[in-house]
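J.: Before I ask anything, let me first share the structure, which is written out below as structure tokens.
Laboratory data are not the source of any read-out in this text; all were calculated from the coordinates shown. Note that the coordinates shown come from a computational prediction; the quantities given were computed from them, not determined experimentally. No Cβ is skipped: glycine too gets one built from the backbone with ideal geometry, and neighbour counts run over all protein chains shown.
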Amino acid sequence: MNIRTYPIIDKNVNVKTNYRKINQPNRDEVTFSGHFGAEAYDKNLLGYVIKETGFFRDLETKNFVCDYIKKTFANKDKIKILIGGCSTGEELHTYNMLLKDLSKKTEYIGFDVDAESIKQAKSNIFLMQKLKPVPNEYVDVSSQYKRTLQDSFLAFEDQGVLTDKQRKLKELFDEYFIISGDKPKLAKKSLALKIHLWFLKWVKIYPPEFENKNVILNDEKAKNCKFVVGDMQDLDAITKGEPVDVITFTNALYHLLTEHVKYNNTRRLHANAYRVFDELAAKLKKNLSPSGIFVLGEEEKLQLMDDELVSTIMKQHGFIPLNKTKLHDANVWQKVV
């Protein structure tokens with residue numbers, strides 16, 4: 001039986017985190033450790049590194065947010081959208097595509113603490129992948145990757161019959177991106193990893209293998225997009241005192257508020273999670289424009305393993321919930337003037 005344990009949450013406690021810092025000075029506080037792709041993913045004995053981002057991820061929420069933007073900020077001369085924990089930029093460009101009718105008045109800033117991810121985002125070159133089929137005689141252990149690669153239909157033609165929704169998204173994607181003829185440059189596998197992968201196949205465990213393509217963004221479509229290295233806890237430095245209309249932080253909040261429990265390979269709320277998010281909520285309120293919104297991922301509640309922390313603190317700071325997700329908890333919060 002799995003038992004979830006929670007530390008006592010005390011706003012005054014200050015516990016040093018054991019998170020790995022990426023391009024960040026040492027701090028006596030919890031710090032966002034980077035997007036999921038910055039972490040080794042060792043499930044099922046695999047030593048791969050994958051990115052937990054993609055085009056059109058959490059589409060129900062994004063459509064909701066875009067409708068809200070069109071209704072609420074249509075009369076503004078400039079609509080400012082801040083994408084936190086942006087990784088390599090796919091989420092930012094998803095909003096840019098979905099809001100293409102407002103491209104002349106939208107301004108996007110994506111930020112992440114991982115400088116390498118920001119460098120990749122600025123290149124306007126994006127790696128697209130799909131899983132290769134697994135031979136029948138092998139055990140398939142690639143299930144954790146299938147969800148991450150759900151956007152592969154955008155770049156690969158042999159994805160079967162597309163749904164009406166997928167077809168419309170691909171048509172939109174093709175307005176912004178072209179398939180590159182150059183072979184993607186991938187990180188070289190170490191000798192140790194090659195031996196490890198050979199061993200897995202020898203024992204009939206088939207490690208994930210991918211077909212890779214690069215897609216290139218039309219530079220004209222990126223004129224309103226900017227990427228910077230930055231930390232969610234330093235919003236003032238990123239906004240430079242100018243209020244923004246939307247701040248998103250998709251499926252990254254758990255880096256700030258949870259810690260890894262090594263003995264059973266789980267996560268739990270960090271002892272100072274309440275204080276950290278309380279301070280973050282205050283910064284969100286300060287940096288959002290009137291009726292501005294804060295957007296989390298659709299499964300943020302599941303990642304945090306907590307039913308009340310986010311909603312309690314957001315309401316304390318004067319935010320109201322605007323929607324509900326598949327986990328029956330709001331992930332879009334409006335600042336109330």
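J.: Can you tell me which residue within segment 265-295, out of those that are free of Cβ contacts under 8 Å to residues at least 40 places away in the same chain and not in a strand (DSSP E or B), is surrounded by the most Cβ atoms within 10 Å (Cβ to Cβ)?
T.: Only one residue fits best here, namely Phe277.
J.: Moving on to the next point. Spot the failing condition for Lys301; the list is (1) in a helix (DSSP H, G or I); (2) surrounded by fewer than 14 Cβ atoms within 10 Å (Cβ to Cβ), and only one is missed.
T.: (2)
J.: Take segment 101-137 and flag every residue that is among the β-branched types (Val, Ile, Thr), closer than 19 Å to Leu235 by Cβ and in a loop (DSSP other than H, G, I, E, B).
T.: If the condition is that a residue be among the β-branched types (Val, Ile, Thr), closer than 19 Å to Leu235 by Cβ and in a loop (DSSP other than H, G, I, E, B), then Val113 is the only one that fits.
J.: Next question, about the same structure. Please go through segment 159-197 and give me each residue that is among the polar types (S, T, N, Q) and not in a helix (DSSP H, G or I), ordered by number.
T.: Gln159, Thr163, Ser180, Ser190
J.: Give segment 224-264 a look and list any residue that's more than 26 Å from Ser291 (Cα to Cα) and either among the aromatic types (Phe, Trp, Tyr) or surrounded by fewer than 18 Cβ atoms within 10 Å (Cβ to Cβ) (or both), or say none.
T.: Val229, His260, Val261, Lys262, Tyr263, Asn264
J.: Going through segment 137-156 one residue at a time, which ones are β-branched (Val, Ile, Thr) and more than 27 Å from Asp174 (Cβ to Cβ)?
T.: Val139, Val141
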